[in-house]
1. Of all residues being within 10 Å of another protein chain (Cβ to nearest Cβ) and touching a residue at least 40 places away in the same chain (Cβ under 8 Å) in region B:41-56, which is farthest from residue A:9 (Cα to Cα)? Just the residue, please.
2. Restricting the search to region A:365-388, which residues are within 14 Å of chain B (Cβ to nearest Cβ) and either surrounded by fewer than 18 Cβ atoms within 10 Å (Cβ to Cβ) or in contact with a helix residue (DSSP H, G or I) (Cβ under 7 Å, 6 or more places away or on another chain) (or both)?
3. Of the conditions (1) closer than 26 Å to residue A:373 by Cα; (2) in contact with a helix residue (DSSP H, G or I) (Cβ under 7 Å, 6 or more places away or on another chain), residue A:274 satisfies every one except a single condition; which number is it?
4. Go through the residues of region B:57-73 one by one and say whether even a single one is within 30 Å of residue B:106 (Cβ to Cβ), surrounded by 15 or more Cβ atoms within 10 Å (Cβ to Cβ), facing another protein chain (nearest Cβ under 9 Å) and touching a helix residue (DSSP H, G or I) at 6+ places or on another chain (Cβ under 7 Å).
5. Out of the residues in region A:130-164 that are surrounded by 23 or more Cβ atoms within 10 Å (Cβ to Cβ), within 14 Å of chain B (Cβ to nearest Cβ) and assigned to a helix (DSSP H, G or I), state the one that is farthest from the chain's Cα centre (by Cα).
6. If you take the residues in region A:36-59 that are in contact (Cβ under 8 Å) with a residue 40 or more places away in the chain and in contact with a helix residue (DSSP H, G or I) (Cβ under 8 Å, 6 or more places away or on another chain), which one is nearest to residue A:197 (Cα to Cα)?
7. What residue, of A:256, A:331, is modelled with pLDDT of 95 or more and out of contact with any helix residue (DSSP H, G or I) (no Cβ under 8 Å at 6 or more places or on another chain)?
8. Picking from B:47, B:42, B:16, B:11, which residue would you name as being within 28 Å of residue B:157 (Cα to Cα) and modelled with pLDDT under 90?
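The values are calculated or read from the model by the stated rules, or taken from the named source; none is laboratory data. A quick note: this is a predicted structure, and the numbers were derived from the prediction, not measured. Cβ atoms come from the backbone with ideal geometry, glycine included; neighbour counts cover every protein chain shown.
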């Protein structure tokens, strides 16, 4: 694939996603506004009103209806997307499961925001993490550039016949959605060519080949349907990698299941997702200058969960800090704090791990926090202190 | 990070501090720099204290946290000096710019011991004279450019002229007023009275 021209721009993460939607020009977008993703349907509506795209925008009365309309449109054979945050995603819950099990390649752009309560509009990953077992592919972004790039890659992943699953493209509410930063955009033509025309093999509005969507399945067959859905999730690994490779040729930007930042010879590695990864990289650079061997593993693809690859990437370090921007309320650990040690154990990698909760409801995560965690990790590996378990970062002292 | 200029804005919801931060990011972007402009959102209501931030660098900016040790602080509403610790973490070799009709000497006692440079701009008076209304963010933006040296003032002026021409295409009569507001703010921070610094 020919390398496309880069357009130097500056915009917020929400603007970047809206711009990508304009370039993709999906057939249908049902949406209901919720902070901090509201700007996305707002900007797309402006593109439609200005005649720049011919997407059918469906203003619905709730997120439950938004995902229901998305399911209807995608079943009919239309390329469909929506946007939401927080309680909006929670209200879609039942439909998220239907979208995935009906194997509908809907793309949802999620601007991560905490769930109530206390009611709060700021970022954490509890909305996306709450949907982690709904059967959606989930891809997280560090900044506006990745939000844009991941969005463009979402359609070819979702619509691949080996996958046929919905994709959730996530970015951190306000921290990246409302921050204006530099970005390199692609031109419209190359993006449209990359995404291609959506030509579903089977769809409701095809009189030549009638199909049923979402019928009752008796116990004699339902389990096979669920296994087929899980097989699709497993097969999506290869497709995600292929699409990333193709996108790399187009843009010059390389993406994997995760980014390994200075981890090759690292004694201590921080595993983190989203916008805080950049902050962690800055801490890693500072500590490298001071002679420490530290690195950052930034998880990009959370579903499917790249368990073997993570274990392989962490196997040579002394200790890893696992960072959750989400509480599981399980009396034990955050979601990554459970899944990553499980990945290590299943792959016979026996390193020390420590797990932390940070950034809930917009609590700031700083370079100093990351440095302190690396210091604790070293002390834990040296046996001076117990490894952190379910430890809170930056908590207000009583 | 060492090569990154960090600016923190203090204002009240509705005064345009966030917009000013985004405009500064915009202007610096156009001079070829890497930029960040972002607000911290608290309760969304008019009049509540808000903070906005800028990072500007020749290098790619990766850090996504608020700014705790700014090089410069800009205060759009001087009443905040009584309720918000605006100089917290402000670098000694940096500066604070305050929108006030008072002098730097009169403001300094409100700065909780800050020893660096203090600049004052009467953005309200400038705005009322040039635009007939209190829009403090245009003069404060100009003052920030002049004091921080983040970009050449001439480049900035040209860019602002272009962006006002675009923004006010349907009411060109306000373009000259805005341009005059920029020049008056430049002069305010350049005047000797504005540049007091305790050695």
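1. We begin by selecting, within region B:41-56, every residue within 10 Å of another protein chain (Cβ to nearest Cβ); these are B:41-44, B:53-55.
With the extra rule that they be touching a residue at least 40 places away in the same chain (Cβ under 8 Å), the set shrinks to B:53-55.
Values: B:53: 19, B:54: 17, B:55: 16 Å.
Top of the filtered list is B:53.
2. A:365, A:366, A:367, A:368, A:370, A:371, A:372
3. Unmet for residue A:274, out of (1) closer than 26 Å to residue A:373 by Cα; (2) in contact with a helix residue (DSSP H, G or I) (Cβ under 7 Å, 6 or more places away or on another chain): (2).
4. Looking only at region B:57-73, we keep the residues that are within 30 Å of residue B:106 (Cβ to Cβ), and these are B:66-73.
Subsequent filtering for residues that are surrounded by 15 or more Cβ atoms within 10 Å (Cβ to Cβ) retains B:66-67, B:70-73.
Keeping just the survivors that are facing another protein chain (nearest Cβ under 9 Å) gives B:66.
Narrowing further to those that are touching a helix residue (DSSP H, G or I) at 6+ places or on another chain (Cβ under 7 Å): none.
No: region B:57-73 contains no residue that is within 30 Å of residue B:106 (Cβ to Cβ), surrounded by 15 or more Cβ atoms within 10 Å (Cβ to Cβ), facing another protein chain (nearest Cβ under 9 Å) and touching a helix residue (DSSP H, G or I) at 6+ places or on another chain (Cβ under 7 Å).
5. A:144
6. A:40
7. Only one candidate qualifies: A:331.
8. The match here is B:16.
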